[in-house]
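The structure appears below as structure tokens.
The values are calculated or read from the model by the stated rules, or taken from the named source; none is laboratory data. Note that the coordinates shown come from a computational prediction; the quantities given were computed from them, not determined experimentally. Please note: Cβ atoms are built from the backbone with ideal geometry, for glycine as well, and neighbour counts cover all protein chains shown. Remember, those area values only see protein heavy atoms, side chains included, never the ligands or the DNA or RNA. Shrake-Rupley method; radii C 1.70, N 1.55, O 1.52, S 1.80 Å.
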Amino acid sequence: MSGTSSPKPSTYAGLFFVTLATLMHEILLTRIFSVAMWYHFAFMAISVAMFGMTAGAIVVYLRPKTFTVERASQQLSRAAFAYAVSLVICFLIYLQIPFDPAANTETVMLWALGFVVIAIPFVFSGITVAVALTKFPNHVNRLYAADLIGAALGCLLLILTLEVAGASTSLLIVAALATVGAALFALNADKGLRRITTWSAVAFVAFAGWHGVLERSNRQIIEIRDVLKNPTKDLHYIRWNSHSRVVVAGNLDRPTPATGWGLSYKTNAQRAHIRQLVLVIDSFAATPITEFDGDTEKLWYLKDDVTNMVHHIRSDADVAIVGVGGGRDVLSALVFDQKSVLGVELNQNVLRAITEDFGEFTGHLDKHPKVTLAVDEARSYITRSEKRFDVIQLSLIDTFAATAAGALVLAEHGLYTRDAWRTFLERLKPGGVLTVSRWFYPARPAEALRLVSLARAALADIGVENPRRHIILVKAPKANGMPGQLGSGVANLLLSRDPFTAEDLAIVKRETARLGFEVVVSAEEAEHPSFQEVAWSDDPSDFYESYPLDLSPPDDNRPFFFNMLRFEDIGDSLAANMLDPNHGQLKAVRLLVGLLIVVAVLTLLCIVVPLVLATKKGVLRGNWSLLTFFMAIGLGFMFIEMSQMQRLMIMLGHPTYALSVVLFTLLVGTGTGSFLSSRVREDGRLTPRVALGSLTAFLVAFGLLTPYLVDALSASTNLVRIATTASILFVAGILLGLPFPLGMRAASNRAEELMPWLWGINGAASVLCTVLAAVVALSFGISASFWAGVACYVVALAALPRTITKSVAATS
């Protein structure tokens, strides 16, 4: 048996570098896809990467005479080197493939071509990992530990490289790391391969360093353009991090008309001409950067913006702004001469742009005596703050950017839940106002309706039984200038714990009349029967059910405010209407469902094709429990991982922490568990059955206690929340790291030739679950996704006794 062979130390080191590079590559693609395509295509980055690796494992299974233990070092080095080289070549090819977000036959074919090209390097990475884990089965626990710890460090390293070097250079760094892995594998191979891989590693490192210098000055050779293919040379500022690309564009030489989605159309002709730039996050989320010399009189037009209605009814106020962006809301508060302004911005590169690189242009808002700016997740910051506010303002907060942790792990989702709004309302002073602005589409004002639904639920949560005098909704009906039903406006919600006074309502009426705005909901009126149902009816649940989109108030378990398409309505002609104003958001859900079907078919093929082509019928007899076991733990791990990244981001308060705390700690813990799995033996105190039973029991306890933990730690310091989360996840990771090496041990004793295929099955299940977990979370909530993972481990536990019994019998 090949299990008698032992890997060299350089084999462990080579595997460490290749898996480090692979995870960096995978999560880097989620960032790149969010810029070069559209944020919901970030799902594809994860699925394409994992499916490529699965295909690599199947190649190893189908070619047993090629991939032998005697040639393992040679094959490991060649595959790792092929991964590094193809990584760069395939990415350059991918950049030349046109992208069109419109779904038709031609564009779908181009999408498929791009994804196939991107998947090719991961096939070589999968070959590398499959050879390492299956040709030395007696050492799989330590090899798998090296694999996972390398991947864990890749999480941290990518955060650093994106911040310092940018996306293009990060890709070259990934290639350099993979080449180092190939050189380490080659230490046990022939001299020629050692020479090629060593010099290639030196060349990649040197080129990455040189390119990094070029990219910092916007002269990069490998240019990543946005969806509209705008050349980067025209940009004044480009910065990447783990959750965005931030650019600044515009003409600094001439004044332009002041812009603002919520400005009154009555004052358009009178607008001041000022110098403005535009700050863009990823491809589509834009915000103006306005020149400011300290004279607020020049910015008088901000008093005519519907998003600033709150400042007309609350003066001399302490204001908290969620999402500073280009500084427009901060300037608005200064124009109204408010007492103080706190601006909380999630993205450090956004604040860096307006306070450092363009600080002179913006008048250094960070140095204004009334202004305090902070880099943090606003909900978390306000929860921890001892200060109370007269106004908390959220204006059109929607970056449409997928984080590196996953496409629907979006920070904005945590702001639009009844739990978040309850916190905001509790942090207001008496008479304080929470003001939220969103788009208003006359054809179907679903976002505005859901805002009112959410406001009503948040008020109920703090004990307000009759919301009628606590909600005002105003709209600017002609904000985008488009005619008829395709036009869109901006709706501004005013929400207070205390009833709005007659004076408040009189001021709102006066300003709406002056500016051409319209009152949609107030204590006295509701513009449309649908708003009457949501705002005033005793129980709006029947109306929610009958409406074509989901208007139910999101909570922290289902925090997906922007995803309003129910899966059961996916084929509905109204919901699928290309002219629907909500189409951009609905398309993401339809793409997700289509992707689920594709990966389900591919997963099935990963099981069936190897069986048909290479598996001897006698080998599978009595070993179907192995297939069940590896399928279950592949699904289970991804369900647990993705649900915890979604759930704990709310507590941790920043998308970077989803990588640096959740994913990193979980992978390090899993690697530690794999290393310790050799102590789990059928004839010892800790048997495989007891180990997996302990894992299942821990997950059940974790699932039951996590909601209470999130509440208990919501007002704690970052250090306390991070330390607590990391400690729990590390323990969970140790237990989660046991099943895979135990299963591989059983497979090596019972049916060694099945090992690459079983590793591929595990990978295929993980591919499927990257999409399935998102579908479950969107449909039934994050908790349902977590409990689906627990159920998978229960299935694995049921399959384990038979598996272990068979393997013990085979070795006795």
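Contact map, region 5-28: first residue open to solvent by less than 20 Å² (accessible area, probe 1.4 Å), second residue of a type in the set (Lys, Arg), Cβ cut-off under 7 Å, separation 6 or more or different chains; the map is empty. Annotation: LEU736 fulfils all but one of (1) surrounded by fewer than 23 Cβ atoms within 10 Å (Cβ to Cβ); (2) under 24 Å from ALA151 (Cβ atoms); the unmet one is (1). Screening the candidates ASP555, ASP550, ASP572 for the property of being open to solvent by 30 Å² or more (accessible area, probe 1.4 Å), within 30 Å of PRO707 (Cα to Cα) and either in a loop (DSSP other than H, G, I, E, B) or at pLDDT 80 or above (or both) yields one hit, ASP555. Scanning region 243-264 for residues that are in a loop (DSSP other than H, G, I, E, B) and among the small types (Gly, Ala, Ser), we see that the one that is modelled with the highest pLDDT is GLY250.
Taking region 502-526 as the search range and keeping residues that are of a type outside the set (A, V, I, L, M) and within 16 Å of ARG438 (Cβ to Cβ), which one is surrounded by the most Cβ atoms within 10 Å (Cβ to Cβ)? Filtering region 502-526 for residues that are of a type outside the set (A, V, I, L, M) and within 16 Å of ARG438 (Cβ to Cβ), the one surrounded by the most Cβ atoms within 10 Å (Cβ to Cβ) comes out as PHE517. Set side by side, the residues ALA167, ALA183 differ, and just one is open to solvent by less than 40 Å² (accessible area, probe 1.4 Å) and either at positive phi or over 26 Å from the mean Cα position of the chain (by Cα) (or both), which is ALA183. Screening region 355-398 for residues that are open to solvent by less than 20 Å² (accessible area, probe 1.4 Å), farther than 16 Å from GLY325 by Cβ and modelled with pLDDT under 95 and picking the one that is nearest to the chain's Cα centre (by Cα) gives SER380. Taking region 58-79, which residues are of a type in the set (Ser, Thr, Tyr) and either in contact with an Asp or Glu (Cβ under 6 Å, 6 or more places away or on another chain) or over 25 Å from LEU177 (Cβ atoms) (or both)? Correct list: TYR61, THR66, THR68. Just to check your reading of the model, which residue among LEU652, LEU667 is farther than 30 Å from ARG142 by Cβ and surrounded by 16 or more Cβ atoms within 10 Å (Cβ to Cβ)? Going through LEU652, LEU667 in turn, the sole match is LEU652. For region 586-594, the criterion of being under 29 Å from ARG750 (Cα atoms), open to solvent by 30 Å² or more (accessible area, probe 1.4 Å) and modelled with pLDDT under 75 is met by no residue.
If the condition is being modelled with pLDDT of 85 or more and among the hydroxyl-bearing types (Ser, Thr, Tyr), then region 1-29 contributes SER10, THR11, TYR12, THR19, THR22. Annotation: ARG314 fulfils all but one of (1) modelled with pLDDT of 90 or more; (2) touching a Lys or Arg at 6+ places or on another chain (Cβ under 8 Å); (3) not aliphatic (A, V, I, L, M); the unmet one is (2). Taking helices (runs of 4 or more DSSP H) as the structural unit, those lying wholly within region 708-797 and holding at least 3 residues that are touching a residue at least 60 places away in the same chain (Cβ under 8 Å) and under 25 Å from the mean Cα position of the chain (by Cα) correspond to 718-736, 755-780.
Conditions (1) open to solvent by less than 20 Å² (accessible area, probe 1.4 Å); (2) modelled with pLDDT of 90 or more; (3) of a type in the set (Val, Ile, Thr), marked per residue:
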residue: ARG31; (1), (2), (3): yes, no, no
residue: TYR39; (1), (2), (3): yes, no, no
residue: MET44; (1), (2), (3): no, no, no
residue: VAL48; (1), (2), (3): yes, no, yes
residue: ALA57; (1), (2), (3): yes, no, no
residue: THR68; (1), (2), (3): no, no, yes
residue: ALA84; (1), (2), (3): yes, yes, no
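Of the residues ALA712, ALA691, ALA701, the single one that is small (Gly, Ala, Ser) and under 19 Å from SER785 (Cβ atoms) is ALA701.
One residue stands out among those in region 630-647 that are among the small types (Gly, Ala, Ser) and closer than 15 Å to THR670 by Cα: the one that is modelled with the highest pLDDT, which is GLY636.
For LEU92, the stated conditions hold: it is assigned to a helix (DSSP H, G or I), open to solvent by 20 Å² or more (accessible area, probe 1.4 Å) and modelled with pLDDT of 90 or more.
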